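Okay, structure first, notes after.
The numbers here are math on the coordinates, done by the rules we state, and not lab data. Note that the structure is a prediction, hence the values are computed from the model and not measured. Note that each Cβ is placed from the backbone with ideal geometry, even for glycine, and that neighbours are counted across all protein chains shown.
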Amino acid sequence: MKLRIHGGRVVDPANGIDDNIDLYIEGEHIAALGEPPAGFSPDREIDAGGGIVCPGLVDLQARLREPGEEHKGTIESETAAAAAGGITTLCCPPDTDPVTDSPAVANLIRERAARAGKARVLPIGALTPGLRGEQICEMVILGEAGCALFSNADRPVVNTEVLRRALEYAASHDLTLLLRPQESWLSAGGCAHEGAVSSRLGLPGIPGFAETVEVARILTLVEEIGARVHLGPLSTARAVQMFGRARYDGLPVSASVTAHHLHLCELDISDFNNQCYLRPPLRTQRDRDGLRQGLARGIIGAICSDHQPHDLDAKLAPFSASEPGASGLETLLPLALRLVDEGVMPLPELIATLSWQPARILGIPAGTLTPGSSADICIFDPDHHWRLIPDQLVSHGHNTPLAGWELKGRVTHTLLAGRVVYRLD
Amino acid sequence: MIQRDIQLDESGRLRHFLTTEGLKRQTLLEILDHAEKFTSVADRSVKKVPLLRGVTIANLFFEPSTRTRTTFELAAKRLSADILNINISTSATTKGESLLDMLRNLEAMHCDMFVVRHSRSGAAHFIARHVAPHIRVINAGDGSHAHPTQAMLDMFTIRRHKGRFAELRVAIVGDIMHSRVARSQIHALTTLGVQEVRVIGPQTLIPRAAENLGVHVYHDLQAGLSGVDVVITLRLQRERMTGALIPSEREYFALYGITEEKLAFASPDVMVMHPGPINRGVEIGSEVADGPHSVILEQVSNGIAVRMAVMSMVMGSRFGEGQEEQ
């Protein structure tokens with residue numbers, strides 16, 4: 001199968017390409033950009049219709065809910081949503097049921113994803129068995145079973161000795177950890193940023209320093225041990241600052257932010273809108289601006305969806321009794337594109353934060369259109385305006401804080417290894 | 001997203017009563033004026049007016065309460081409504097029925113109004129958003145968020161004693177952080193235009209962004225009480241002792257307990273209030289609780305009139321509009 005994509009603006013940040021050229025695919029791989037390979041005669045053509053042709057997006061954190069919570073979403077339903085969002089590679093956190101702390105669970109996830117065939121799914125292996133924070137997992141065996149990162153998901157490793165050993169072990173075997181910076185005691189019981197809105201609404205707060213205290217603990221260990229650590233998602237301006245200094249000092253750390261935290265803040269909770277109940281919590285406008293700056297200055301390397309699909313009942317409860325998280329796969333790209341319109345960063349750099357940079361954090365050969373690499377491609381119309389109607393989302397999770405928002409930019413085609421896995425009707 | 005205040009109907013009248021925040025001064029004064037008319041009902045031989053005859057009210061208490069539930073019940077009965085007391089901790093939710101399913105069942109029984117007490121902040125808003133459009137919701141306390149009828153009965157008591165709000169300095173003492181009463185009082189007091197609202201307590205019991213609510217924060221009781229006309233002491237829940245918020249009842253009482261001696265720093269005709277139930281020797285000394293400045297018991301009886309006013313207002317009825325006494 002030979003395919004030509006024409007009529008689009010090809011943006012490939014890894015190779016510094018931003019040009020109106022054609023793209024040639026042979027089988028599962030990208031054959032050439034610009035000029036066709038010798039003797040290339042396409043079996044099929046895709047007209048990009050003036051849209052952007054870029055690498056398929058790479059999402060560092062998206063929950064698929066399988067195994068364990070299939071009433072919220074399945075690998076099949078959520079990878080279909082990923083395809084609709086232009087995402088071709090995603091990592092799913094280990095807080096599944098059972099926990100992804102054995103090769104069996106990791107294999108199950110990968111096999112089901114392969115059968116669905118809509119996106120590459122890289123399981124994130126548990127850092128500690130059962131996420132209990134007591135011992136370390138068989139990270140090397142999990143790595144062989146396809147785990148790309150190791151994490152304790154939303155449960156911080158409270159015991160610093162265990163965290164230290166986990167970092168040392170990961171460093172010995174060249175593995176990357178993903179840590180969510182949230183100090184467990186300071187955040188216990190909280191459901192909103194401790195500040196103006198939580199004070200007014202009487203919601204139990206999570207102070208900003210619940211994040212910075214934990215960032216400090218992690219960075220101190222990384223400094224001593226030298227393990228590769230990804231922090232994310234960050235939610236405070238102060239954490240970005242601390243993290244920026246650590247990068248400057250040459251620590252092997254990277255960070256991500258969610259698309260929601262780049263656009264929403266604590267004020268969006270008023271009055272008790274539990275679609276805005278996220279973890280980490282939405283913080284102040286200053287924090288949101290700090291996250292944007294961190295992204296624009298290259299301190300934060302990746303935007304993720306932090307996709308958390310829920311069934312209807314999960315949000316049908318008073319704010320703190322409802323479940324945190326938002327569906328985010330299908331709004332990742334349009335929310336990110338707003339940053340271009342709002343002057344935060346130019347399009348090629350933005351696309352890098354959604355593709356090439358997260359791929360580099362994962363250490364995988366994705367997120368680029370380099371000839372020879374897998375033909376994982378996202379084509380989108382940057383000027384397509386659409387109104388978000390939750391019931392029209394492909395994801396089983398219709399829980400979104402963006403209901404009714406006018407979004408700009410929509411995926412028209414998603415290709416996975418040369419195969420069209422999504423096409424906008 | 002801009003949302004309409006769900007407390008108000010299209011013409012700006014009170015439709016639910018969920019919080020004192022965001023309501024106009026006029027609306028709050030209207031509640032007080034209506035309550036004034038209802039105070040005389042208690043003095044009649046037949047303590048009833050027929051305003052809400054045929055109306056069914058469900059008291060939904062997800063959290064135990066004696067005084068608030070009883071005064072709502074009395075208020076409903078004096079308005080001739082039928083009242084259903086549902087103690088939910090022993091009822092449906094323990095059988096796994098969801099909150100919304102239970103509301104649907106009550107709607108099917110043709111209830112017209114829910115009076116809701118719940119341990120979660122925002123529960124009353126949640127219920128108001130999900131009930132059928134003809135149903136009215138009154139918040140009888142949600143988590144640490146709001147307790148608007150308590151705040152209004154306090155405003156009523158203050159007005160009865162002080163006449164007007166404009167020149168008053170009011171101090172709220174104690175656990176502001178976890179207090180729905182304090183939040184509702186602060187919004188009511190600032191809306192009614194008092195000169196100053198102070199909150200007094202250790203930083204561990206004051207919300208992080210208290211100043212945003214329009215109050216001045218004091219950590220020293222003597223300084224905070226200086227020259228105030230009204231002192232509101234809040235109940236200190238025993239469970240706060242376990243969470244490293246205060247070291248002991250003894251030290252709390254020494255620093256923030258309202259005693260005759262401390263009260264001397266306030267204005268000479270200071271009034272002392274407490275939403276009850278009081279912990280003698282923890283937040284207030286007996287000599288003050290039972291003393292000449294205390295209006296604590298009066299608050300309780302005013303609670304009935306204020307709740308009658310709110311119930312009749314949200315049902316769209318108005319006392320004194322051609323209704324005859326039975």
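Structure above, values below:
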{"item": "Local electrostatic count at A:ILE361 - Lys and Arg +1, Asp and Glu -1, tallied over other residues with Cβ under 12 Å", "result": "+1"}
{"item": "Estimated FRET transfer efficiency (A:GLU349, A:GLU144; beta-carbon r; R0 35 Å; 0.05)", "result": "0.50"}
{"item": "Chain A - percent relative contact order, Cα under 8 Å, separation 6 or more", "result": "20"}
{"item": "Which of B:GLY316, B:VAL194, B:ASN212, positive extreme of dipole for the range B:179-326 (C-beta unit charges)", "result": "B:ASN212"}
{"item": "For chain B, built as a Gaussian network whose Cα springs stay under 10 Å, the top-fluctuating residue of B:PHE38, B:PHE62, B:PHE114", "result": "B:PHE62"}
{"item": "Cβ-based exposure ranking for A:ASP425, B:ASP142, in which fewest neighbours within 10 Å come first", "result": "A:ASP425, B:ASP142"}
{"item": "Rg/Rg_globular for the protein assembly as shown, with Rg_globular taken as 2.2 N^0.38 Å and Rg from C-alpha atoms", "result": "1.10"}
{"item": "Taking A:LEU60, A:LEU347, B:LEU168 and counting other C-beta atoms within 10 Å, the order from fewest to most", "result": "A:LEU347, B:LEU168, A:LEU60"}
{"item": "Where only alpha carbons of the range A:380-425 are counted, the Rg and the Dmax (Å)", "result": "12.1, 34"}
{"item": "Label-to-label distance, nm, for residues given as A:ALA216 and B:GLU260 (7 Å Cα→Cβ offset)", "result": "4.9"}
{"item": "Approximate shape of the range A:5-75 as ellipsoid semi-axes (Cα gyration tensor, √5λ), whole Å, largest first", "result": "33, 15, 12"}
{"item": "Along each principal axis, Cα extent of the range B:1-158, largest first, Å", "result": "44, 42, 27"}
{"item": "Cα gyration tensor of the range A:292-414 - equivalent ellipsoid semi-axes, whole Å, descending", "result": "27, 17, 16"}
{"item": "Net charge, B:VAL131 excluded, C-beta distance under 12 Å - Lys, Arg +1, Asp, Glu -1", "result": "+2"}
{"item": "Two-decimal log10 I(q)/I(0) for chain B, as the Debye equation yields it once each C-alpha is a single scatterer, q = 0.09 Å⁻¹", "result": "-0.46"}
{"item": "Potential extension, A:GLU28-A:ARG132 segment - 0.36 nm per residue separation minus Cα distance", "result": "33.4 nm"}
{"item": "Spin-label proximity, A:LEU267 to the range A:182-203 - amide N less than 12 Å from point 7 Å beyond Cα toward beta carbon", "result": "A:197"}
{"item": "B:ASP82/A:HIS71 FRET efficiency (R0 35 Å; Cβ-Cβ; nearest 0.05)", "result": "0.30"}
{"item": "Estimated inter-spin distance, B:GLU211 and A:ILE21, nm [label 7 Å along Cα→Cβ]", "result": "5.7"}
{"item": "Ratio of Rg to Rh over the range B:148-299 (Cα coordinates, Kirkwood Rh, two decimals)", "result": "0.92"}
{"item": "For the range A:360-370, Karplus couplings with θ = phi - 60° (6.51, -1.76, 1.60), whole Hz, Gly/Pro x", "result": "5, 4, 7, x, 10, x, 9, x, 8, 9, 3"}
{"item": "Amide H contacts under 5 Å for A:ALA255, placed H, 5+ residues apart", "result": "A:LEU231, A:GLY301, A:ALA302"}
{"item": "Order of B:ILE200, A:ILE299 - criterion: other Cβ atoms within 10 Å of each residue's Cβ, fewest first", "result": "A:ILE299, B:ILE200"}
{"item": "Contact order relative to length of chain B, as percent, for alpha carbon pairs under 8 angstrom and 6 or more apart", "result": "21"}
{"item": "Phi-based couplings in Hz for the range B:262-268 (Karplus 6.51, -1.76, 1.60; Gly and Pro marked x)", "result": "5, 5, 4, 7, 7, 4, x"}
{"item": "27 Å Cα-Cα threshold exceeded, pairs from B:LYS37/B:LYS162; A:LYS2/A:LYS118; A:LYS72/A:LYS118; A:LYS118/A:LYS408; B:LYS162/B:LYS262; B:LYS24/B:LYS48", "result": "B:LYS24/B:LYS48"}
{"item": "Rg [Å, one decimal], Dmax [Å, integer] - the range A:1-155, C-alpha atoms", "result": "18.9, 60"}
{"item": "Estimated 222 nm signal from helices in the protein assembly as shown, with DSSP H stretches of n ≥ 4 weighted -39500 (n - 2.57), rounded to 500", "result": "-9000 deg cm²/dmol"}
{"item": "Proximal charge balance of A:GLU138 [Cβ under 12 Å; K/R count +1, D/E count -1]", "result": "-2"}
{"item": "Estimated inter-spin distance, A:ARG423 and A:PHE209, nm [label 7 Å along Cα→Cβ]", "result": "5.7"}
{"item": "Dimensions (Å) - the range A:164-314, Cα atoms, principal axes, largest first", "result": "48, 31, 26"}
{"item": "Kirkwood hydrodynamic radius over Cα pairs of chain A, then Stokes diffusion coefficient at 25 °C and 0.890 mPa s, in µm²/s", "result": "114"}
{"item": "Segment B:ASP290-B:SER119, length gained on full extension (0.36 nm per residue, minus Cα span)", "result": "58.5 nm"}
{"item": "Residue-span extension gain [A:GLU223 to A:ASP341] - 0.36 nm each, minus C-alpha spacing", "result": "38.7 nm"}
